[in-house]
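A.B. asks: Dropping a structure here in structure tokens format, bear with me for questions.
The values are calculated or read from the model by the stated rules, or taken from the named source; none is laboratory data. Just so we're clear, the structure is a prediction, and the values are computed from it rather than from any experiment. As a convention, Cβ positions derive from the backbone with ideal geometry for all residues, glycine included, and neighbour counts pool all protein chains shown. Side chains included, ligands, DNA and RNA excluded: accessible areas come from the protein's heavy atoms. Shrake-Rupley method; radii C 1.70, N 1.55, O 1.52, S 1.80 Å.
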Amino acid sequence: MSKTQRPTLKKTNHHALSAAGLLVTIGIIFGDIGTSPLYVLKAIFGSGTINSLVVLGSISAIFWTLTLQTTLKYVVLTLRADNKGEGGIFSLYTLVRRTSKKWLIVPAIIGGSTLLADGIITPAISVSSAIEGLRNVPFLSHLNTVPIVIFLLAFLFILQQFGTKKIGKFFGPMMVIWFLMLATLGILSIIDTPMVIKALNPVYAFQLLAQYPGGFWLLGAIFLCTTGAEALYSDLGHCGRTNIRVTWGFVKICLLLNYLGQGAWLLRHTGQMLGPLNPFYALMPEWFLLIGIGIATCATIIASQALISGSFTLINEAMRLGFWVKARIVYPTEMRGQIYIPSINWLLCLGCIAIVLFFKDSTHMEAAYGLAIVMTMLMTTTLLTFFLRLKRYPPFFILICLGGYLVVELSFLVANLSKFAHGGWVTLLIGSVLIAIMGSLHKARKIVNQHVEFVQLKTYLNLLVELSNDLSVPKYSTHLVYLTRSEIEEHIEAKILYSIFQKQPKRADLYWFIHVKVADDPYRMDYKVTHFAKEDVIRIDFCLGFRVVPRINLLFRKVVEELVENKEVDITSRYASLNRNQVIGDFRFVLIDHFLSYEQELPFFERLILNIYFILKKVSLSEEKAFGLDTSSVTLEKVPIVNASTKTLSLHRIYD
């Protein structure tokens, strides 16, 4: 007898096209890409001489980058790759892994790791760029902004534990003010130098890259205008595709107007040294400067908040896909999808503060920024190609997309490699560490699964029933619950049967076996019940989406309640006195935890991977807490991954 149940999940109201949905989208989706005017043109020119060809060529390259890379690739194409409304590189991977191309795990891990690495430097550079605007105030020109930046970042990370439900209402209106300010400042500057509009002609971008000495290497700085495109896709689940596409039109216009305005200001100062000036703040009248800095600071904090929340979501997905160690997850509000992971929060906090202390100035951060995220974009392009094939797009169209974006993104990558010695190695080092962790965890779980022995459950059913009724064996628990790795209903780990029959025989009135499968549907919540021996052996298979936290205690309790309501099982104690008084029996969970024995002979590489895996497990959340069983009665049994083979020993008995 079996039963399948699917709870109905309500989608957030922000997915529907509405004024409220558009406002929320502006507030939480475009923070990263929306604050790029703070540092892009400053990164292109540094403190050098302003050249009109570089000005027009850079503005042209920015326009076409936002058009071809952000608009066409992400807003038009990549947003189509939504997994039940969810986006991001791990969501994209779950869509394409059904193609049976096992190597696609590689771009997924690389992309996810480099995106996290980018999430460490982005809040630091955004907030630093905003606060450094204070140096444009005459009496604050020598201000040390590092302590202020560190204070704001620390305050931001402290706020994470309380959620963003209340302050989130402030995000939308604040970002609308920010984008309107960008557009207004840009328009006022363009009116003074309207010739800058000709920069929209792609000829100027071509001249910069092909004719200006060193022009190609400026792509490393130009690329910064689109770094938020990957975060845009990752946040798809918050607001929905339609809202993002509609609001992007408004956001792009505001960004372009500001870039054109900065270009116009630069053209008015051709031949001069830019020095410490930032073209963004140079657009502001002196009376407006402090107000503009305040608005910019709020905008960068909002942008940082979106990246931090996105990092929590990314790590949660990585945990469910087996790419990350188990970590404690907190739900600060009742909003769907909003989570808080304390360990990741403080790691990001320390990382951001370390970046600020190491680089000290946003100008130095600009030299390191972008190298990691271009790797993410290349990995997204790879996975997107398989998605287009899966959706049966014309081969010619797929070839054009793949070839075109590989050329563009490889060009950005080569240009960004020049940043390696100037700090780019920092983000690559962080990304490499994350890749090593995710790759090791994935490989280790495969190795462990290879050594797990499964047996036919039906072979042992009679023995389980006999043990359940054997009064000579002390009762271990009324209900005994094991978590099993077996995806096949009729199979069970040999270690579980060893635990029941031989490692202190465990008599119970009813044996439960629970299996949890991670589904590609992000919010799927299904379960199936199989009765192997009525009132003696029951198996429950949960199919949970990769964004659903496996709180087994709550889920199992819900299933048992429904089984009791349907009269499929009796959970009252079978002790005569307790049964007469309808007392519910106790539930005990037994978790099998593997360890690597020194006596086990494994190949060097496998042993190395497993050693890394078990070191990481020591600092991760315990099994019982990870499955939400910390409030239940839990027994943890440690067993070796594989039984050590008995070596031939030359052992001789000595007789007296």
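A.B. asks: Hey, any hits in region 368-382 for a residue that's in contact with a Pro (Cβ under 6 Å, 6 or more places away or on another chain), open to solvent by 20 Å² or more (accessible area, probe 1.4 Å) and modelled with pLDDT of 90 or more?
C.D. replies: Within region 368-382, one or more residues are in contact with a Pro (Cβ under 6 Å, 6 or more places away or on another chain), open to solvent by 20 Å² or more (accessible area, probe 1.4 Å) and modelled with pLDDT of 90 or more.
A.B. asks: Go over the candidates Leu290, Leu307 one by one and state the one that is at pLDDT 85 or above and assigned to a helix (DSSP H, G or I).
C.D. replies: Going through Leu290, Leu307 in turn, just one is at pLDDT 85 or above and assigned to a helix (DSSP H, G or I): Leu290.
A.B. asks: Quick check: is even one residue across region 322-332 open to solvent by less than 20 Å² (accessible area, probe 1.4 Å), under 24 Å from Ser432 (Cβ atoms), of a type in the set (A, V, I, L, M) and in contact with a Leu (Cβ under 8 Å, 6 or more places away or on another chain)?
C.D. replies: Scanning region 322-332 turns up at least one residue that is open to solvent by less than 20 Å² (accessible area, probe 1.4 Å), under 24 Å from Ser432 (Cβ atoms), of a type in the set (A, V, I, L, M) and in contact with a Leu (Cβ under 8 Å, 6 or more places away or on another chain).
A.B. asks: Being buried (at least 16 other Cβ atoms within 10 Å of the Cβ), assigned to a helix (DSSP H, G or I) and not aliphatic (A, V, I, L, M) is the filter here; which residues of region 608-624 pass it?
C.D. replies: Within region 608-624, Tyr613, Lys617, Glu623, Glu624 meet the criteria.
A.B. asks: Answer yes or no as to whether Pro279 is surrounded by 23 or more Cβ atoms within 10 Å (Cβ to Cβ) and over 28 Å from Tyr613 (Cα atoms).
C.D. replies: Spelling it out, Pro279 is indeed surrounded by 23 or more Cβ atoms within 10 Å (Cβ to Cβ) and over 28 Å from Tyr613 (Cα atoms).
A.B. asks: Next question, about the same structure. Quick one: in region 183-237, which of the residues that are closer than 21 Å to Phe45 by Cβ, among the hydroxyl-bearing types (Ser, Thr, Tyr) and in a helix (DSSP H, G or I) is most open to solvent (accessible area, probe 1.4 Å)?
C.D. replies: Tyr204
A.B. asks: What number goes with the only condition from (1) outside any helix (DSSP H, G or I); (2) touching a strand residue (DSSP E or B) at 6+ places or on another chain (Cβ under 7 Å) that Phe312 does not pass?
C.D. replies: All conditions are met except number (1).
A.B. asks: Let me ask another. Can you report the number of residues in region 491-515 which are in a strand (DSSP E or B), closer than 22 Å to Phe542 by Cβ and open to solvent by less than 10 Å² (accessible area, probe 1.4 Å)?
C.D. replies: Qualifying residue count, region 491-515: 7.
A.B. asks: Here is a list: Val564, Val518, Val529. Which entry is at negative phi, open to solvent by less than 20 Å² (accessible area, probe 1.4 Å) and of a type in the set (Val, Ile, Thr)?
C.D. replies: Val529
A.B. asks: Could you please give the count of residues in region 340-366 that are among the small types (Gly, Ala, Ser) and open to solvent by less than 30 Å² (accessible area, probe 1.4 Å)?
C.D. replies: Qualifying residue count for the region: 2.
A.B. asks: If you scan region 470-483, which residues turn out to be among the polar types (S, T, N, Q) and open to solvent by less than 10 Å² (accessible area, probe 1.4 Å)?
C.D. replies: Ser477, Thr478
A.B. asks: Something else now. For a quick check of your reading: which helices (runs of 4 or more DSSP H) sit entirely within region 362-470 and have at least 2 residues that are of a type outside the set (A, V, I, L, M) and touching a helix residue (DSSP H, G or I) at 6+ places or on another chain (Cβ under 6 Å)?
C.D. replies: Output list reads 362-368, 371-390, 395-417, 424-450.
A.B. asks: Among Arg547, Arg574, which is at pLDDT below 90 and open to solvent by 70 Å² or more (accessible area, probe 1.4 Å)?
C.D. replies: Every option except Arg574 fails the conditions.
A.B. asks: Consider Glu535 against the criteria (1) of a type in the set (D, E, K, R); (2) open to solvent by 40 Å² or more (accessible area, probe 1.4 Å); (3) in a helix (DSSP H, G or I): it satisfies all of them except one. Which criterion is unmet?
C.D. replies: (3)
A.B. asks: Examine region 233-248 for a residue that is touching a residue at least 12 places away in the same chain (Cβ under 8 Å) and more than 35 Å from the chain's Cα centre (by Cα), and state whether such a residue exists.
C.D. replies: no
A.B. asks: Also, I was wondering about something else. Just checking, does region 637-656 include any residue being of a type in the set (Phe, Trp, Tyr), under 30 Å from Val560 (Cβ atoms) and modelled with pLDDT of 80 or more?
C.D. replies: Taking every residue of region 637-656 in turn, none turns out to be of a type in the set (Phe, Trp, Tyr), under 30 Å from Val560 (Cβ atoms) and modelled with pLDDT of 80 or more.
A.B. asks: Among the residues of region 577-595, which ones are small (Gly, Ala, Ser) and open to solvent by 20 Å² or more (accessible area, probe 1.4 Å)?
C.D. replies: Ser577
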